[in-house]
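> Pasting in a structure now, in structure tokens, and then I'll have a few things to ask.
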Amino acid sequence: MESSLATLLIYVAAVTASASGIYGIMVSRGLIRLLVSMEVLFNSIILTAAYIGIVVGADPGFYSLLLATIVLTIAEIAILTAILILVYKRKHDISLEAVRRLKG
């Protein structure tokens with residue numbers, strides 16, 4: 001009985017995080033909010049995949065793939081943060097409109 005409750009809670013948490021990430025991506029005007037919403041969505045997908053791997057009894061290669069996904073997500077955060085810093089230095093604004101106005 002405990003495992004079914006834990007399964008339900010993890011699925012509810014993953015669906016809630018996915019829904020909030022998708023909503024944030026659709027309505028965000030600022031680049032930082034967009035970045036945070038994307039990360040919430042990616043992390044909910046990783047959480048769901050990890051739990052499905054536990055339930056199914058996946059091999060270690062599956063978890064290596066999840067670890068690689070987490071590392072790539074961290075690299076994405078670093079690159080996007082660097083881009084945000086450069087946009088702010090150039091335009092003194094970090095909205096999506098400021099990025100659209102950039103030329104070159």
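> Note the angle between two axes, namely the Cα long axis of helix 2-27 and the longest principal axis of the Cα atoms of the chain, as a number of degrees from 0 to 90, rounded to the nearest 10.
Here the helix axis deviates by roughly 20 degrees.
> If I stretch the segment between Leu5 and Arg90 completely, what's the gain in nm (0.36 nm per residue apart, minus their alpha carbon distance), one decimal?
Stretched fully, the Leu5-Arg90 segment lengthens by 25.5 nm.
> Given segment 5-71 reduced to its alpha-carbon atoms as identical point scatterers, what log10 I(q)/I(0) does the Debye formula return at q = 0.26, 0.28 Å⁻¹?
Cα-only, vacuum Debye calculation for segment 5-71: -1.04, -1.11.
> Moving on to the next point. To test your reading of the geometry: what angle, between 0 and 90 degrees and rounded to tens, separates the Cα axis of helix 60-91 from the longest principal axis of the chain?
Once rounded, one gets 20 degrees.
Since every read-out is calculated from the coordinates, none of them should be taken as a lab result. Because the structure is predicted, anything quoted here is derived from the model rather than measured.
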